[in-house]
1. Looking for whichever is closer than 21 Å to ILE37 by Cβ, open to solvent by 40 Å² or more (accessible area, probe 1.4 Å) and at pLDDT below 95 here; the options are ARG291, ARG325, ARG314. Which one fits?
2. Consider only pairs whose beta carbons are under 6 Å apart and that are at least six residues apart or on different chains; among these, list those whose first residue lies in segment 201-224 and is farther than 11 Å from GLY236 by Cβ and whose second residue is open to solvent by 40 Å² or more (accessible area, probe 1.4 Å).
3. Restricting segment 26-45 to residues that are surrounded by 21 or more Cβ atoms within 10 Å (Cβ to Cβ) and not hydrophobic (A, V, I, L, M, F, W, C), which is farthest from VAL150 (Cα to Cα)?
4. Could you grab the pairs with beta carbons closer than 6 Å, sequence gap of 6+ or different chains, first residue in segment 46-66 and crowded, with 24+ Cβ neighbours inside 10 Å, second one among the hydroxyl-bearing types (Ser, Thr, Tyr)?
5. Here are some residues: ASP258, ASP229. Which one is open to solvent by less than 10 Å² (accessible area, probe 1.4 Å), under 17 Å from the mean Cα position of the chain (by Cα) and touching a residue at least 24 places away in the same chain (Cβ under 8 Å)?
6. Give the residues of segment 232-249 that are open to solvent by 10 Å² or more (accessible area, probe 1.4 Å) and over 18 Å from ARG276 (Cβ atoms), sorted by residue number.
7. Report, by residue number, each residue of segment 197-208 that is open to solvent by 30 Å² or more (accessible area, probe 1.4 Å), assigned to a loop (DSSP other than H, G, I, E, B) and not basic (Lys, Arg).
8. Could you list, in sequence order, all residues of segment 261-279 that are open to solvent by 10 Å² or more (accessible area, probe 1.4 Å) and part of a helix (DSSP H, G or I)?
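The values are calculated or read from the model by the stated rules, or taken from the named source; none is laboratory data. Quick caveat: nothing in here was measured; it's all calculated off a predicted structure. Here the Cβ positions follow ideal geometry from the backbone for every residue, glycine too, while neighbour counts run over all protein chains shown. Protein only, heavy atoms only, side chains kept; ligands, DNA and RNA dropped before computing areas. Shrake-Rupley method; radii C 1.70, N 1.55, O 1.52, S 1.80 Å.
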Amino acid sequence: MIPAIVVVGSLNMDFVVSVDRLPVPGETVLGRDFQMIPGGKGANQACAAGKLGAGAVAVRLIGRVGYDVFADHLKASLAAAGVDVGAVHAAKSQPTGVALIWVDRQGQNSIVVASGANYALAAADVEAMRKVFRGASLALFQLETPLDTVAAALRLAREEGLRTMLDPAPAQPLPAELLARVDILTPNENEALMLLGRPPARVAPGDAPELAAALRKLGVGSVVLKLGDQGSYYSGDTGSFHTPAFPVEVRDSTAAGDTFNAALAVALAEGQLIERALRFANAAAAISVTRLGAQASAPTRAEVDNFLSGAGPRPAAAFQAAPPR
Ligand code: RIB
């Protein structure tokens, strides 16, 4: 039997406009072009895991869509990446989630999400899908569905013997009871600071050990701090270390964090050691920021393997990504 990953989370249709610069409040700017691209943090993680698992890791998604054309499109995109969407059901009276995204010339973005059906995913719905967790080794969560649903799903995953990985995005404070059910917490800089009640700031790699230690005291098993162009910092029972980022030319940082989590999950599900798994995740995220869009930017397994072996394209410009979202 091949290893399996379960993702519980959101599906959105992303409406993406490229702009010269992000608008300030009250300002109108003219965009350059517009695209609809499948997104949503849960679906992005599932899609990237499907592409990176390349048929050797099974990926199942639990989520909610509406009865509309976006739902069909999103499910088709996931199925094409090899994701089992049998547990993505339609909510009766809510539209499929959408996200409005502006991306500037530096690859930075602003995102507004209209959650729609994602907020119709109730704790009882996940309870009713307990069998989806059976036989899997790892479960992935984010915060674009109701918090009590995430908490219930984390409990369920633990009861079924899965390791749990939480991407605490969008940033928000979280109850200790929920964090106690997390084996691997993967915040970016702002999410980490928010969890600790500290103001937003850039985090230098030298500050990462203190930050990771403070996060572990919240009750999670281990922490992977996503530091954007500065790589990632791991702290767990087996040790702590920094993994540098790969320098690439940034086109769009949307979903780089989702791709990172998916790659980490695939590598761990395959039994890779954490050092190797984090290098694999950094490489997958680096490739994703060179492309526009969420699911459209997730690399295939062959692309990451080529990149790591030096055979793939690796633009030489400085890595300028904002912290992965
Ligand atoms: O993490 C990126 C995602 O955030 C986008 O795809 C958008 O849908 C929002 O959920």
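1. Values: ARG291 fails: at pLDDT below 95; ARG314 fails: closer than 21 Å to ILE37 by Cβ.
Residue meeting the stated conditions: ARG325.
2. Matching pairs, first to second residue: PRO205/GLN230; PRO205/HIS242; ALA214/LEU196; GLY219/ALA176; GLY219/ALA180.
3. PRO38
4. These pairs meet every condition: ALA48/THR259; LYS51/THR300; VAL65/THR96.
5. ASP258
6. PRO247, GLU249
7. Within segment 197-208, the subset open to solvent by 30 Å² or more (accessible area, probe 1.4 Å) is 197-202, 204-207.
From what's left, assigned to a loop (DSSP other than H, G, I, E, B): 197-202, 204.
Matches in segment 197-208: GLY197, PRO199, PRO200, ALA201, ALA204.
8. So the first thing to find is which residues in segment 261-279 are open to solvent by 10 Å² or more (accessible area, probe 1.4 Å), and the list is 268-276, 279.
Those that are open to solvent by 10 Å² or more (accessible area, probe 1.4 Å) and part of a helix (DSSP H, G or I): LEU268, ALA269, ILE274, GLU275, ARG276, ARG279.
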